[in-house]
Structures are given as structure tokens and as C-alpha cells.
1. Taking segment 1-32 on its own, how many of its residues are open to solvent by 30 Å² or more (accessible area, probe 1.4 Å) and part of a loop (DSSP other than H, G, I, E, B)?
2. Filtering segment 36-48 down to residues that are of a type outside the set (Val, Ile, Thr) and surrounded by fewer than 14 Cβ atoms within 10 Å (Cβ to Cβ), which residue is nearest to Ala2 (Cα to Cα)?
Amino acid sequence: MANLEFKPYLLTEEKPKEFEDFRNLTSELLKDIEGDITFYHIATLGKFEITSNNLKLDQNKLNSFINEISDYLI
């Protein structure tokens, strides 16, 4: 499973609903993928940006993944 990192919230902090929805979606989509990816939540926009990506995906799978989560990205 890919190592997912979500910033800037701490585990104990209350998070917006879209944050939890996005975390659940990406966890499911990447459950069989190796590598690391970091997302940063921009609260004022309610969206995420990818700040680092070391996922082991070919270009087609990467494009498919980005397409699946595009509604959440800036």
C-alpha cells in the first residue's frame, strides 16, 4: 500500500468533511500501489495539491488516478 501523507492537520485535529472524503478515496484507490505521495489541503479553497509524488505508477495509471481525484485538486 502506498504511504499517504496529508498536511497540514495533525491526527488529533478535527478535519473538514472534504478532507476525510478525499483521504478515504485516495486510500482506496492506492491500496495496491507502492510508493509515497503527499497532499496539502488548502482550506480556503477546500482543495488539495500534490506536494510530492513517488508512486510506482506507469503514465496511464497515474493519469487514471489523477482523473479519479481531479474534483479535489487545485
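1. Going through segment 1-32 one residue at a time, the tally reaches 12.
2. Asp36
The values are calculated or read from the model by the stated rules, or taken from the named source; none is laboratory data. Quantities reported herein were computed from a predicted structural model and do not represent experimental measurements. For neighbour counting, all protein chains shown are included, and Cβ atoms are generated from backbone atoms with ideal geometry for every residue, glycine included. Surface areas here come from the heavy atoms of the whole protein model, side chains and all, with no ligands, DNA or RNA. Shrake-Rupley method; radii C 1.70, N 1.55, O 1.52, S 1.80 Å.
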